[in-house]
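This report refers to the structure that appears directly beneath it.
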């Protein structure tokens, strides 16, 4: 029995939007040529600025970035996760950090606005205050896809397990975590947290990632990966730009959830 093939993309986005979009298209095409029917791009795939650099032309959900990627999804007949775009909301000076899920026909299946914003006070990283430019989202989002029900999140959300438990409660079999995890925190926490979210929810985890130096003082950890429901890393991009791919065995996932029914044993809600 064949299983759906999913891919996660690793990029090094910069302030050059056209170059970023071209790279994203090329990597998605490579994944599709290898048989992937679901491809995830990382957070801020279209533009990743050094701190203090303004976002060029924040995008509406029907804007040129989404339209361009929708045409790609339609041409390749795949489900495409746009890790996040800087979403423009009419009448608001702040943007949203918004993940957009596109179907094989190019339609928008779902949009998730990042709930947890990266405002930290680690020594040497006090300048990272996402809330200066971004308004947090408020809605938990799942969507029906070719992989079944998928739960959406973005980067820093990964540190909040209650979000993923709720996504699982709403039927998510696969959890998406597109990210631009900092090199400093990623080195110690990225894989650990991804594997924990997979084990806790007996879910597949798809984690597209930014990697390397983006300009200014901003560097991302990378290591885009796919984690299986038993917490094992099924595929990973070690370094540089590229793709990681894995077959998602949902029959095995169902067996694991039956054998270890922790999700049905929850008593604290």
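In terms of the mean number of neighbouring beta-carbon atoms within 10 Å, the peptides 258-264, 108-114, 131-137 order highest first as 108-114, 131-137, 258-264. In plain terms, the chain from residue 62 to residue 119 could stretch by 17.6 nm, reckoned as 0.36 nm per residue minus the Cα-Cα distance. With R₀ fixed at 30 Å, the C-beta to C-beta distance from residue 3 to residue 107 puts the FRET efficiency at about 0.75.
Kindly provide the helix-only [θ] at 222 nm of the chain, computed as the sum of -39,500 (n - 2.57) over DSSP H runs of four or more divided by all residues, to the nearest 500 deg cm²/dmol? Each step should come with its number before you reach the end.
Values: 5 runs with 68 residues, N = 269.
Computed mean residue ellipticity for the chain: -8000 deg cm²/dmol.
Here, P(r) means the percent of Cα pairs in each 10 Å bin from 0 to the largest distance; for the chain it is 7, 33, 38, 18, 3, 0.
If R0 equals 45 Å, the separation of the Cβ atoms of residue 265 and residue 74 corresponds to a calculated FRET efficiency of about 0.60. With 0.36 nm allotted per residue and the present C-alpha distance subtracted, the residue 146-residue 132 stretch has 1.4 nm of extension available. Pair-distance distribution of the range 55-114: all C-alpha pairs, bin width 5 Å, starting at 0; shares per bin in whole percent are 5, 21, 30, 22, 13, 6, 2, 0. In the range 207-269, the alpha-carbon atoms span a convex hull of 111 Å³ per residue. Taken over the range 1-104, the alpha-carbon convex hull comes to 95 cubic angstrom per residue.
Laboratory data are not the source of any read-out in this text; all were calculated from the coordinates shown. In this text, all values refer to a predicted model and were calculated from it rather than measured experimentally. Cβ coordinates were reconstructed from backbone atoms using ideal geometry, including for glycine residues, and neighbour counts include every protein chain displayed.
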